[in-house]
1. Mind sorting B:63, A:245 by how few other Cβ atoms lie within 10 Å of their own Cβ, fewest first?
2. How far apart, in nm, are two points set 7 Å out from the Cα along the Cα-to-Cβ line at residue A:1 and at residue B:109?
3. Given 25 °C and 0.890 mPa s, how large is the Stokes-Einstein diffusion coefficient of chain A in µm²/s, with Rh as the Kirkwood radius over Cα pairs?
4. Taking H as built 1.01 Å from N, whose amide H comes closer than 5 Å to the amide H of residue B:30, not counting residues under 5 places away?
5. At most 16 other Cβ atoms within 10 Å plus a DSSP loop assignment makes a site exposed; report the longest stretch of chain A without any exposed trypsin sites (Lys or Arg not before Pro).
6. With both partners inside the protein assembly as shown, how many of the DSSP beta bridges are antiparallel, as a percent to the nearest 5?
7. Under a plain spin-label model, where a point goes 7 Å from the Cα along Cα-to-Cβ, how far apart in nm are residue A:281 and residue A:154?
8. Of the candidates A:92, A:81, A:237, which one comes out as most mobile in a Gaussian network treatment of chain A with C-alpha springs shorter than 10 Å?
Amino acid sequence: MEYFVQQLVNGLTLGSIYGMIAIGYTMVYGIIGMINFAHGDIFMLGGFAALIVFLLLTTFMAGVPVVLALLLMMIVGMLTAALWNWTIERVAYRPLRGSFRLAPLITAIGMSIVLSNFIQVTQGPRNKPIPPLVSSVYELFGISISLKQIVIVVITAILLSVFWYIVNRTPLGRAQRATEQDSKMAALLGVDVDRTISVTFIMGAALAAVAGTMYLMYYGVVVFTDGFAPGVKAFTAAVLGGIGSLPGAVLGGLLIGLIESLWSAYFTIDYKDVATFSILAIVLIFKPSGILGRPEVEKV
Amino acid sequence: MTAPLLNVRGVETYYGNIRALNGVDVEVHRGEIVSLIGANGAGKSTLMMTICGKPQARSGSISFEGQDITRLPTHEIARLRIAQSPEGRRIFPRMTVLENLQMGASLDNLKHFKDDVEKVFTLFPRLKERQAQRGGTLSGGEQQMLSIGRALMARPKLLLLDEPSLGLAPLIIKGIFEAIKKLNKQEGLTVFLVEQNAFGALKLSDRGYVMVNGRVTMSGTGKDLLANPEVRAAYLEGGRH
């Protein structure tokens, strides 16, 4: 029983990270109907930005409080990732809007390769470790919960609440939802559709960068290929939850995290990715619209 | 005569290689109700959308309050206070009625929202009952009201209405036409409307245009067009049941 609850805790932590990444996939899909395959690499890039901030801090400001360090890592990561994602949309995706459906998809895969190779060339191909930032572990009814797990879940909860508030309660969010539902009508009402799409890329990237920082803190290592597996899993989470649905992305992320950790705990860890992607395949076959997604309606 | 509020000159619009508008000239003056009638596929809705820059005219010019808007992006045209209730109504289906109206008022950041929404609710009491309901669950008539209401929320200088009577019961059509007339009389709202219901539209309008195959073939006061035998034969006699 304790073992099971332990795995639940681990799964929720991992799932929080996937959920934060998945939101970026699902929002961009909702608003322009494309899968931004470079999003996973934006997550990895956010992790690298956080790593560089950490190294700078320990070099030049030894003894900086951990909370401040984490905050700076997240903020710089968010800004860097947002700038990159904004640029990618501006130069690579926007000119292809209205082009045939495959064009932006292929470009997105291209951008993914560009980003990971850029990091490989500029940061080197090896694993980049950092020492543990927060290492306290609490024992609770025989379950060990580490402080970093708590930090991850709490930060995820806070950010998702902020995000939910922006999307559902602010003029910006209303413009985003209007653009998602009918971009032509939104423009007729004075919404700058291009700008709204840019903001969506920026918001998605910021969340991914926080996820990247959390990932770095959790595993203590980041490498240029890290955009791929977590990226594809977060994409799976978005599809599982129902692509285009924000609560779906979070739910999907948590489920994927749980599946992964429970599978690793009770079956073979080597096959955990197989389990995850089998679920993607099964969902696509039996419920293409996902758990909380709505059935595809042809837009006229 | 003073310069027109909206001036469309020699506009040609294409969908790919197909020419939908072929040298259209239309003008709308401040305080007027002008209607555009014509058969299905004549290009009426295309003209409405071309005025809003979606699609943009390939040649010719469109000016509003003396400013050339032919090449402006759609959202900037909207910000000049040209509001449209477009073909197909285009209600945001997963937003509530109230949110749809808020979208209409977003140019002023909801500054006048409270007052204006009351006006819309007075005009269309049904919307008040339905305000918390999602747009996609409304009936066709309710969506039509919402679409017009949403356009009014922008405090437009020019209101473009694309077939406000489409799919509505005669009694509701009468109500909507009366509402348009009232807004025009009391607030001096300028209205340019497209209608299949030629009789109702011309009766309501100061002036009218007849469009055939992407061209304006006739124009005149509403009264003259109603009396014109050609117009009667083509658009009125058949459709007055």
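Computed from the coordinates by the stated procedures, all read-outs in this text should not be read as laboratory data. All of these numbers come straight from a predicted model, not from anything done at the bench. Here the Cβ is made from the backbone with ideal geometry for all residues, glycine too, and neighbour counts use every protein chain on show.
1. Final ranking by Cβ density, sparse to dense: B:63, A:245.
2. Between residue A:1 and residue B:109, the simple spin-label model gives 5.7 nm.
3. Diffusion coefficient, whole number: 125 µm²/s.
4. B:5
5. No qualifying site falls inside A:127-298, the longest such stretch.
6. Once the DSSP bridges in the protein assembly as shown are tallied, antiparallel ones form about 60 percent.
7. Those two pseudo-labels are separated by 4.2 nm.
8. A:92
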